[in-house]
1. How do LYS21, LYS123, LYS72 stack up against each other in accessible area, from largest to smallest, with a 1.4 angstrom probe?
2. In whole Hz and in residue order, list the ³J(HN,Hα) couplings for the stretch 116-131 that follow from phi through the Karplus curve 6.51 cos²θ - 1.76 cosθ + 1.60, θ = phi - 60°; x for Gly and Pro.
Amino acid sequence: SSAPPEIPVEKNDATYYQHCKEIRGRLVFANPILSDVPLWNAAQVRGNIVVMLRGPKRSMDDKIPPITLLDKVINAQQAGAIGVIMVDNQGKTDGWMVARCIPKGGDAIRIPGVFTLSPSILKLQEGVVHTLRFPADRP
């Protein structure tokens, strides 16, 4: 397989990425997988890295506001997660995407998280220890 292409990084305020420090932990899939409500498996999540899916973009019921990426990460954080892997299930499904750190969104997010394409989920095995690393020169 070929190496992933270099992806230019937008220069943002450095404080957006201060929380993106190297972490090591077991993978636990969020339950529910969309992490659109407080996690039902908080006991398993505590001290681990949570895998969740992107979406839904909008609710079927107009009375319920759409869930944001920030809300999802906060749900994992409140369950005791040490990090998040957000898998895109709504977009491009082939090619490479280098996982990027999820910006902290104000002061609400204190744990690192990455966003990656859907094929990545095939390589993520629940219970396996993974390390999330963030190069100093690019988030």
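The values are calculated or read from the model by the stated rules, or taken from the named source; none is laboratory data. Quantities reported herein were computed from a predicted structural model and do not represent experimental measurements. Please note that ligands, DNA and RNA were not included when accessible areas were found on the heavy atoms of the full protein model with its side chains. Shrake-Rupley method; radii C 1.70, N 1.55, O 1.52, S 1.80 Å.
1. Working: LYS21 125, LYS123 155, LYS72 5 Å².
Of LYS21, LYS123, LYS72, the descending order of accessible area is LYS123, LYS21, LYS72.
2. For the stretch 116-131, the Karplus curve yields 9, 7, 4, x, 4, 4, 5, 9, 9, 10, 4, x, 7, 7, 10, 10 Hz.
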